[in-house]
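Working notes, beginning with the structure itself.
Throughout, read-outs are computed from the coordinates displayed, never taken from laboratory work. These numbers were taken from a predicted model, which means no experiment stands behind them. Every residue, glycine as well, gets a Cβ built from its backbone with ideal geometry; the counts of neighbours run over all protein chains shown.
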Amino acid sequence: MADEIKDLQKGITDILVAIGKIETEIKQLGSMANKLDSTEKLALEALQSTKAAHKRLDELSAEITDLTKKAEDIKKEIEKRIEDDKRQGRDDKRWIVGTVLGAGALIWKLIESVAKGGGVS
């Protein structure tokens, strides 16, 4: 009978040790669950932050596209004005040359007229 009591006490001790191990594992699982909740919250915040950053990047991309188009329009306008100025400069030069040639011709005719003795009438 003494052996049976010892075996029973040993069995109870083994059960208590097993219960202690289970209790420790349950506590660790609870701690891990808390860490998992914290990790989930951080992941959700990171996702929201990423979405907000992506939205800002999309807005900046659209703004850059608009600015690029405006810059291209301004460039075209400047090129047009430069071409117009060049054309106007050529026209001005032609007018000056024409005026000088016309005045030269008048002066030449005047000199011819004076040289022939006709004088200025």
- Item | Asp37 under 16 Å from the mean Cα position of the chain (by Cα) and in a helix (DSSP H, G or I) | no
- Output yes when any residue across the range 96-116 is out of contact with any Phe, Trp or Tyr (no Cβ under 8 Å at 6 or more places or on another chain) and surrounded by fewer than 10 Cβ atoms within 10 Å (Cβ to Cβ), and no when none is. yes
